[in-house]
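Here, each number is a calculation from the coordinates, and none is a lab measurement. The model shown is predicted, which means the values in this text are computed figures rather than measured ones. Cβ: placed from backbone, ideal geometry, glycine included. Neighbour counts: every protein chain shown.
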Amino acid sequence: MQRRPRLVQAFAQLNAAVMDPAGEVDLGFRRLIGHVASKAAGCLYCQAHTLLGAANFGVSEEKLAAVWNYATSPLYDQRERVALDFALAAAAQPNAVTDELFDRLRAHWSEGQIVEILGVVAMFGFLNRWNDSMATPLEAVPTAVAQRALGTQGWDVGKHRR
């Protein structure tokens, strides 16, 4: 991306807007939304970075390790589960968001919060395609966080090896 400075600048603006600290959705949880969207897309690079970001914003190691089992984990409440269900469905190809799912989402989240959640999913749609297509090398710190959280569940760095 650095070979096209205008692309980097535009992406930096999008990232700043999507991850705005003044938003209503918790910053750590926004990273978990990005993680689930990246899991749906299969981007191991973004999976690792979103776990690191979530940890940096206070999400516990136990909750990180349970993210793939959020639907049944007692560490996730109904509000979080429906948001992550929505992220998974919105990131799927083809899109799997149904009217029923959107109604469940609206029962727990305001319209502004839903826009923030979908903003994260959409931004990671771009990042997932970019990093996975380019096989962007994964750095040591996010690799270590992902291996610690999900390595026993089958997470691996894949094509993003240095």
query = Once fully extended, how much extra length lies between ALA122 and ASP20, figured as 0.36 nm per residue of separation less the alpha-carbon to alpha-carbon distance?
reply = 35.2 nm
query = So which residue, out of LEU88, LEU14, LEU127, gets the largest mean-square fluctuation from a GNM of the chain using Cα contacts under 10 Å as springs?
reply = LEU14
note = Checked against the structure, the computed mean projected area of the Cα convex hull in nm² among [x] 10.7; [y] 12.7; [z] 9.5 is the one labelled [z]
Around ALA149: net Lys/Arg minus Asp/Glu count, Cβ-Cβ under 11 Å = 0
query = Residue by residue, what Karplus-based ³J(HN,Hα) values in Hz, rounded to whole numbers, does segment 23-31 have, using 6.51, -1.76 and 1.60 with θ = phi - 60° and x for Gly and Pro?
reply = x, 8, 8, 3, 4, x, 5, 4, 5
Alpha-carbon centroids, segment 84-143 and segment 1-45: separation in whole Å = 10
query = Taking θ as phi - 60°, what are the ³J(HN,Hα) couplings along segment 55-63 by the Karplus curve (6.51, -1.76, 1.60), each to the nearest whole Hz, with x for Gly and Pro?
reply = 4, 5, 9, x, 6, 5, 4, 5, 5
note = In whole Hz, the Karplus estimates of ³J(HN,Hα) for segment 117-124 (6.51, -1.76, 1.60; θ = phi - 60°; x where Gly or Pro) are 4, 5, x, 5, 4, 5, 5, 6
ask   = Around ASP20, which amide H atoms from residues at least 5 apart in sequence, or from another chain, sit under 5 Å from its own amide H, with H modelled in the peptide plane?
value = none
ask   = Using modelled backbone amide H atoms (1.01 Å from N, in-plane), which distant-in-sequence or interchain residues come within less than 5 Å of ALA96's amide H?
value = ALA90
request  = Compute the FRET efficiency between ARG106 and ASP77 as 1/(1 + (r/R0)^6), taking r as their Cβ-Cβ distance and R0 = 22 Å, and round to the nearest 0.05.
outcome  = 0.85
inquiry  = Just to confirm a number: summing +1 for Lys and Arg and -1 for Asp and Glu over residues other than LEU52 whose beta-carbon lies under 13 angstrom from that of LEU52, what do you get?
reply    = 0
